[in-house]
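First the structure, in the form of structure tokens, and then the observations on it.
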Amino acid sequence: MTVTARYLVTEALHECGHTGIGQTPDAESTNRAFDRLNWMIDQWAVKRWLVYRLQTAKIVSTGATSYTVGTGGNITTTVDGTTITVRPDRLENGCFMRQLQTAGGLAVDYPLQLIESKEDYDRIGLKSLSAFSSYIFYDPAMPLGSVYTYPVMPATLYELHILMKYVLKEFPTLDTVIDLPPSYYAGLLYPLALRLCSVFAIPIPQTSPLPGLARDALATIRGSNTAIQRLQTPTELVRKGLYNIYSDRVY
């Protein structure tokens, strides 16, 4: 089934009671609903479990202290060729650096620990120190974000890989085909219809199924997208292995 933004907006106007079945909504109402649809997508784009995949972008280190991310920046494309049209709001755990020059010719990856806050990054005394990198910090500035490694990654020896949410893009026109997993159709429809009730001052009866449908649609998307990382205990808290006399192994 091919679903366009216009079809979705029209159905949402029917669902909220603005337009009767078989009627065509007027242009002003359609455009206002279309704006709300894009605003909702912009909010979803920063909510991890409403985004259906993560993506990785890479750049060969030049020895620079930082690299910009987004259109016109240093990092503009993901590993799978997708263009980064919007700067990411944050990086996800899973960034790493890849050693390019190895004796056996095989690339070796080293995980980078994510520094979440600028306050923690600012506490680093010598930010220009160049050595084997262990940490990564992301400053979500506008219009381009900036990625910093610490220590600074030496030039040409390593390739920086950053992990970010796939960007859910606004729909350019009403006739744009919605290229999202099928579960997103209902996920967009019912929450949008609820928002349109507010826009057009339409009261929601207590017996209305709309709020429940919206919750169920969003819960379906979140459930499908949820991927919990394995628990990792900080090294300093890990107890050294104990010898088991029965299995002759150290655990």
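Please treat every number below as a calculation from the coordinates, not as lab data. If you're wondering where the values come from, they're calculated on a predicted model, not measured in any experiment. Positions of Cβ are backbone-derived with ideal geometry, glycine not excepted, and every protein chain shown enters the neighbour counts.
Things to note:
- If R0 equals 51 Å, the separation of the Cβ atoms of residue 27 and residue 119 corresponds to a calculated FRET efficiency of about 0.55.
- If you plug the beta carbon distance of residue 200 and residue 222 into 1/(1 + (r/R0)^6) with R0 = 30 Å, you get a FRET efficiency near 0.60.
- Residue 248-residue 53 FRET efficiency (beta carbon distance; Förster radius 45 Å; 0.05 resolution): 0.55
- Residue of 157, 106, 54 that the Gaussian network model of the chain assigns the largest fluctuation, springs spanning Cα pairs under 10 Å: 106
- Each principal axis of the Cα cloud of segment 13-158 was taken in turn, and the coordinate range along them, longest first, works out to 70, 37, 26 Å.
- Nearest 10 degrees, 0 to 90: helix 5-15 Cα axis against the chain principal axis: 60
- Computed label-point distance, nm, for sites residue 239 and residue 107 using a 7 Å Cα→Cβ extension: 4.0
- Across all directions, the average flat footprint of the convex hull enclosing the Cα atoms of segment 147-246 is 15.9 nm².
- Selected from 29, 143, 51, residue furthest toward positive end of dipole (the chain; charges at beta carbon): 51
- Its DSSP H runs of at least 4 residues, each contributing -39,500 (n - 2.57), put the calculated 222 nm mean residue ellipticity of the chain at -8500 deg cm²/dmol, to the nearest 500.
- Taken over the alpha carbons of the chain as equal point scatterers, the Debye sum produces base-10 log I(q)/I(0) values at 0.10, 0.12 Å⁻¹ of -0.67, -0.84.
- Charged-residue dipole, Cβ positions (Lys, Arg, Asp, Glu), the chain about Cα centre, Debye nearest 20: 600
- Computed over segment 114-177, the quotient of the alpha carbon radius of gyration and 2.2 N^0.38 Å is 1.53.
- Restricting attention to the chain, lysine pairs at least eight places apart or on different chains and with alpha-carbon atoms under 23 angstrom apart total 10.
- The convex hull drawn around the Cα atoms of segment 11-50, when projected onto a plane and averaged over every direction, covers 3.2 nm².
- The distance from the alpha carbon centre of segment 14-73 to that of segment 98-155 is 29 Å, rounded to a whole number.
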